[in-house]
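One structure is given here, and the rest of the page talks about it.
Read-outs: derived from the displayed coordinates by stated rules, not from any lab. For clarity, every value in this text was computed on a predicted model and none was experimentally measured. When we count neighbours, we look across all protein chains shown, and the Cβ atoms used for this are built from the backbone with ideal geometry, even at glycine.
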Amino acid sequence: MIEDPRTLKAIKNLESPRSVYLVVSSKGGVGKTTVSTLLALVSSIEGHSTGLLDLDFVNPSTHIILGLDPRVIKYEEEKGVKPYMVLDNLYYFTIVSYTMDNPIALRGGDASNALWEILAIVRWNNVENLYIDTPPGIGDEHLDILYRLRRIVKPIVVATPSRLALRSIDRLVDILREMGYGEILFIENMGNGLLRSYAIEKKLIYTGFIPYISEIEESIGSIEKLLKSDLLSYVKTIYKNLRGFTRG
Amino acid sequence: MVHEWALAEAIVLYIENQGVKRGRRLVVKTGALQSIDREVLEFALRMLIKEHGLELGEIEIVEEEPLLKCRNCGYEWRLDPSSMSQDVRESIHFLPESIYAYYRCPRCGSIDFEIVKGRGISEIRVEDHD
Ligand SMILES: Nc1ncnc2c1ncn2[C@@H]1O[C@H](COP(=O)(O)OP(=O)(O)OP(=O)(O)O)[C@@H](O)[C@H]1O
Ligand SMILES: [Mg+2]
Ligand SMILES: [Zn+2]
C-alpha cells in the first residue's frame with residue numbers, strides 16, 4: 001500500500017468537529033491531562049457537544065480525573081466506534097476500556113498503528129469541540145498527527161512558569177513552526193500570568209493561566225467536585241479565549 | 001462487532017485516492033488478529049463502492065494468520081484469536097495493540113514482542129483496473 005488507508009478515514013472523522021485541539025507540552029507533568037479534561041468538561045456544560053480523546057497510550061489518565069472505572073467505559077458500534085457518553089454533551093474515548101488499565105509498552109511503530117486505528121474507527125460526528133490529550137514531549141504519535149492532520153488540528157501548548165521549562169518550550173514551538181503551524185495556542189498552568197510576556201514575544205496565542213491550587217487533589221475523580229472547584233473560573237476564561245481565537 | 005464499516009470506508013477512500021474507478025477484482029488482506037467479520041466487511045465494501053460510484057467487480061478477502069516474535073529471545077509464535085476469552089478477543093478486534101496488555105512471550109515471559117504479521121489490513125489491490 002502506498003499510504004496508510006486509515007489516515008484518509010481519520011481525516012474524514014476529524015473533519016466533523018469545528019475545532020480539534022491537540023494538547024501538547026515539552027515537559028511531563030505540566031498539567032496537559034488536567035487541562036484537557038477540564039476544558040472538555042467546561043465546553044460540555046457550556047452546552048456544546050464535546051469530545052475528549054486520550055491518546056496517552058502508555059499513561060492514560062483522563063479516566064482517573066473523570067472518576068471512571070475502565071469496566072464501565074463501553075463503546076457502541078455504528079459504522080465505527082461511538083465514544084462513551086460521560087455527560088449529556090461529553091463524549092469520551094480512551095484505550096483503557098480495551099487494556100483494562102493493564103500497562104502496555106508500545107514501540108514507535110506500534111504507537112503509530114494504535115493511533116491511526118483509533119483515529120480511523122472512532123467517530124466524532126456531532127461533536128463541536130474535540131480535546132486530545134497526548135503524552136509529554138514530541139513522540140511518534142505527535143509527529144504523525146501534526147504532519148498528517150495539519151489542516152485540522154490546533155495545537156495548545158501547556159507550560160508551567162519556570163526558567164528551566166522555557167528553553168524546552170522554545171524547542172517545541174520551533175518544531176511546530178517548522179511544521180507550518182502559524183497559530184499556536186498557549187496555556188500557562190500552575191502560574192499567575194508570568195508567561196504572558198514570554199508568549200507574546202514568541203507570537204504564541206496566550207489564552208490564560210491557571211494558578212497552583214493545592215485542593216485540586218480532592219476533586220480528582222469527581223466530576224461534581226471538579227465543576228465546583230476554584231479552578232473552574234480560570235478554565236472558563238481559557239475556554240472562551242480558545243473559542244474566540246479559533247472562530248470561523 | 002461492526003466497526004468493519006469504518007475499515008471498509010478507509011479501504012474505499014484509499015482506492016478512490018489512488019484514482020482507481022473500475023476494476024475486475026478487489027483483493028483485501030486482513031489480519032486474523034482483528035477477527036474481522038468477512039461478511040460484514042464485504043457487505044460494507046459493496047455498499048460503499050456503490051456509494052462512491054466505483055465498479056470493482058469481485059471482492060476477495062484474504063485473512064493472514066498472526067505471527068508474533070519476541071524482541072528479547074527471538075522466539076516466534078502464532079496465536080489463534082478463537083482461543084481467546086471473549087473480552088480479550090473483542091479488545092484486540094478493535095485495537096490489535098491491546099495484545100500487549102494481555103500477552104507475553106511464551107518462552108521467556110518478555111512483554112517486548114512484535115506483531116510480525118496478521119495485525120490488520122496489510123494489502124488493498126484492485127486487479128485489472130483502468
Ligand atoms: N493548576 C494546578 N494546581 C495544582 N496542581 C495541579 C494543577 N494542574 C495540574 N496539577 C497536578 O499536577 C500533576 C500533573 O498533572 P497532569 O497529570 O495533568 O500533567 P500531565 O502534563 O498530563 O502529565 P504527563 O506529562 O505525565 O502526562 C497532577 O497531580 C495534577 O493534579
Ligand atoms: Mg498526562
Ligand atoms: Zn522471549
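Here are a few things to note about the model shown:
- Distance between the modelled labels on A:R71 and A:D140, one decimal in nanometres: 3.3 nm (7 Å Cα→Cβ projection).
- Taking the charge dipole of the range A:5-242 about its Cα centre, with +1 at Lys and Arg Cβ atoms and -1 at Asp and Glu Cβ atoms, the residue from A:Y91, A:L38, A:S16 reaching farthest to the positive side is A:S16.
- q = 0.08, 0.09 Å⁻¹, chain A: log10 I(q)/I(0) [Debye, one scatterer per Cα]: -0.27, -0.35
- Averaged over the residues of peptide A:8-20, the number of Cβ atoms from other protein chains lying within 10 Å of each residue's Cβ is 2.
- Comparing Cα centroids, the range A:119-174 and the range A:219-238 end up 22 angstrom apart.
- In this rough spin-label picture, where each label sits 7 Å from Cα along the Cβ direction, the B:R125-A:S197 distance is 6.5 nm.
- Prolate/oblate/rounded call for the range A:1-116, Cα gyration tensor, a/c under 1.5 rounded: rounded
- Per-residue mean of C-beta atoms belonging to partner chains within 10 Å, peptide A:70-78: 2
- Spatially proximal lysines relative to A:K228 (Cα-Cα < 16 Å; intrachain offsets below 8 disregarded): A:K236
- Part-to-part distance (alpha-carbon centres) for the range A:56-87 and the range B:32-104, which is given in Å: 22 Å
- Coupling constants for the range B:73-87 follow from the phi torsions by the Karplus curve (6.51 cos²θ - 1.76 cosθ + 1.60, θ = phi - 60°), and in residue order they are 10, x, 4, 10, 8, 9, 9, 9, x, 6, 8, 7, 5, 3, 5 Hz; glycine and proline get x.
- The mean count of C-beta atoms from other chains within 10 Å of the C-beta of residues in B:83-92, rounded to a whole number, is 1.
- Among the listed pairs A:K79/B:K69; A:K9/A:K32; A:K79/A:K154; A:K9/B:K50; A:K9/B:K21; A:K27/A:K202, a Cα-Cα separation exceeding 23 Å is found for A:K79/B:K69; A:K9/A:K32; A:K79/A:K154.
- Placing unit charges on the Cβ atoms of the charged side chains and taking the dipole of the range A:43-92 about its Cα centre, the candidate lying farthest along the positive direction among A:H63, A:Y75, A:H48 is A:Y75.
- Mean separation of Cα contacts under 8 Å (6+ apart) over length of the range B:2-127, as relative contact order %: 37 percent
- For the protein assembly as shown, the 222 nm mean residue ellipticity estimated from helices alone, with every DSSP H stretch of n ≥ 4 adding -39500 (n - 2.57) and the total spread over all residues, rounds to -11000 deg cm²/dmol.
- The range A:137-190, relative contact order [Cα under 8 Å, separation at least 6], %: 49 percent
- Dipole magnitude for the range A:5-242: about 720 debye, using +1 per Lys or Arg Cβ and -1 per Asp or Glu Cβ, origin at the Cα centre.
- Placing unit charges on each Cβ (+1 for Lys and Arg, -1 for Asp and Glu) gives chain B a dipole about its Cα centre, and among B:A6, B:M47, B:I92 the Cα reaching farthest toward its positive end belongs to B:I92.
- A:V122 long-range amide H proximity, modeled H, under 5 Å: A:V81
- Each label point was placed 7 Å from the Cα along the Cα-to-Cβ direction; for B:D87 and B:C73 their separation is 2.8 nm.
- Within the straight-line cut-off of under 17 Å between alpha carbons, the aspartates and glutamates reachable from A:K82 are A:E15, A:D54, A:E117, A:E128, B:E4, B:E9, B:E90, sequence neighbours fewer than 8 places apart in one chain being disregarded.
- HN-Hα J in Hz across the range B:96-112 - Karplus 6.51, -1.76, 1.60, θ = phi - 60°, x for Gly and Pro: x, 5, 4, 3, 5, 7, 10, 10, 9, 4, x, 8, 10, x, 5, 8, 8
- Distant alpha-carbon pairs in the range A:95-192 (separation over 19 angstrom), percent: 52 percent
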